[in-house]
Structures are given as structure tokens and as C-alpha cells.
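The values are calculated or read from the model by the stated rules, or taken from the named source; none is laboratory data. Values in this document were obtained by computation on a predicted structure and should not be read as measured data. For neighbour counting, all protein chains shown are included, and Cβ atoms are generated from backbone atoms with ideal geometry for every residue, glycine included. Heavy atoms of the whole protein, side chains included, go into the accessibility calculation; ligands, DNA and RNA do not. Shrake-Rupley method; radii C 1.70, N 1.55, O 1.52, S 1.80 Å.
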Amino acid sequence: MGAQIRVYRQKIASTTSTRKIFKAMELIATSRIGKARTRVAAALPYANAITRAVSAVSSQSEIDHPLTTEHGEVRRAAVLVLTSDRGLAGSYSASALKQAEGLFETLRSEGKEIQSYLLGRKAQSYFDFRGRGYEKVWTGGTDAPEFETAREVGEALLATFLKDYEEGGVDEIHVVYTKFRSMVVQEPSVMRLLPLEVVDEEVTQPGDLLPLYEYEPEPEQVLDALLPRYIESRIFAAMLQAAASELAARQRAMKSAGDNATELIKKYTRLRNTARQAEITQELSEIVAGADALNAS
């Protein structure tokens, strides 16, 4: 009986230690999510403004630019998948990968080849485990994105978009990321990055009118200058949304894990007390039995 009590004491101690880790990670995620949400709010106006500017230039001028013109036949598509570097974030990465798998299936059903670009160790592990190839991967700092990473990703995607199909180029680019709605709701989403397609509800609202521009120099040169910045800004905005979603998911997951640890501690404490009572009862029974035996003798 004493050995059983020691086992419960060890379980209580180990679960208490684990709960402290969960609590610490919850507090870290809670403290960082405020900054992440601020960065999302700060980056969104620029991303929306440059998207509106590119849309206005492309829609108000009769030009045939490769980055805004639909291909007659889309044979190959590039997909950038954003996940986390670390786990302990609930179903955050799994949901993004599930959304990516749905996009892959849709593209394949349309007869399109797929080039995969990955951001985050979870996506890399997912593809490596299944023996699936990818063009390039970026890891590190998914919960605190840097603009330099977005620029590097944008340059790689733009380079493959501008290549001919025979040289390994793609006809369109999609981004799979998790959109931050609130602390409770994070929504896996797909954005078509190129050719330019304004579909984000933050960009186009009912009644919105695109501004009129006078171009100096020519519209083609304006687009050449704007589009790389458009790509970088949209990718960086998606990375910031994904980072805020990751932190919110981790905060919820750690809170849930801490609550479960508390329930386990209560269960083990109750079992330990039951075992202790049984041990005390057995000892009292032995004492009474011994006293009766002495009296009888």
C-alpha cells in the first residue's frame, strides 16, 4: 500500500512540474500575441494600398503585363505553404496543411503540375515524412516574421513566375496561410498571389472605387516597380497573420493542457488519499485484532 502512495506522489509531482511549463508557455504566447496583432494592423494598410495601386494601374491602362495578364493555359502552379516551426500549437499547422492538400487536389484535378514552396519546419517535416519533393524551404522565426524573409520568398516566387514553362516556370502562384480573425477564430485561407487577383475583403469593400492615377513614366515601368513590392508586402502580411494565428493557437493549447494537468493532479490526489485511508484502516484493523488476541489469551 505504501508503494502505491509513493507512485501517486511521483505522478502528482511530475504533473505539477509539467503544468508549470504549460503555464509558462501560455504566458509567453499571451504576452507576444499583443505585439503580433499590432504588427498585423500596422502592415495591413500598406499591403492594401499597394494592392489598390497595382489594381488601378493594371485596370485603367491598356497594357499587357506578364504579372497581371491571365495565361491562356495554366499548366503549372506554385504553392507557398505557411506553417509553424514549433509544435504545441494545437491543430494550427495541421489545419494549414489540410487546406494545402485541398488546394493540391483541386489543382491536380484541373490538370496542373504543382511546385511546392514551404515556410516552417512543420511543413518541411510533413513533406519529408511522405517523401514528397519541394522546391525550397524557409525555417526559423515563424512566430516573429522578418521582412527580409518575405523579400527572399518573394524574389524566389517572382523568378519562377517569370521563367518559361519549358525552363521550369509557373503560370500562377498561390499562398496557403492562416488568417487571424480573433483570439478564438483563425481561418486557414488560400490567396492567389499572381496573376494579380484582388479578392481580399480587406481590400475591396462594396462601393470602393479605385483611385485615378497619372503615370510618370509609362504604366509598364510603374508596374515593373510596383509589382515586386506588392508581392513582398502581401507575403509579409500573410506571414504576420500566420504568426498571430500561431500564437493564439498556442495560447489556447497551453491553457487547455494546463487545465487537463490540473484535473489529473486532482485525480491523483484523490487516489492517493483513498490509498492512504485504506492503509490507515488496515493498520487500525491489525491493531484491534492484536488487542483482541491479547485479551483472549
per DSSP, antiparallel bridges as share of beta bridges in the chain, % nearest 5, sits at 35 percent
Taking alpha-carbon centroids only, the stretch 1-34 lies from the stretch 245-274 a number of Å equal to 8 Å
Taking Cα atoms only, Rg over Rh for the chain with Rh from the Kirkwood formula is 1.27
Restricting to lysines and to Cα separations under 17 Å from K163, and discarding same-chain partners fewer than 8 apart, the set is K112, K136
DSSP beta bridges in the stretch 103-191: the antiparallel percent, rounded to 5, is 65 percent
To the nearest 0.05, the calculated FRET efficiency linking L88 and V137 through their beta-carbon distance, R0 being 35 Å, is 0.95
Output for the stretch 84-144: trypsin sites (Lys or Arg not before Pro) sitting in coil per DSSP, at most 15 other Cβ within 10 Å, listed by number, reads R86, R130, R132
From most to least accessible, 1.4 Å probe, no ligand or DNA/RNA atoms counted, E279, E113 line up as E113, E279
Rounded to the nearest 10 degrees, the helix 2-60 long axis (Cα) sits at an angle to the longest Cα principal axis of the chain of 10 degrees
In Å², rounded to a whole number, the accessible area per residue of the stretch 148-201 with probe 1.4 Å is 43 Å²
Taking protein heavy atoms only, a 1.4 Å probe, and rounding to whole percent, the accessible area of the chain owed to carbon and sulfur comes out at 53 percent
SASA check, S297, accessible area w/ 1.4 Å probe, all protein chains in place, rounded to nearest 10 Å², comes out at 120 Å²
Over all pairs of different Cα atoms in the stretch 5-136, the reciprocal of the mean inverse distance gives a Kirkwood radius in Å of 19.4 Å
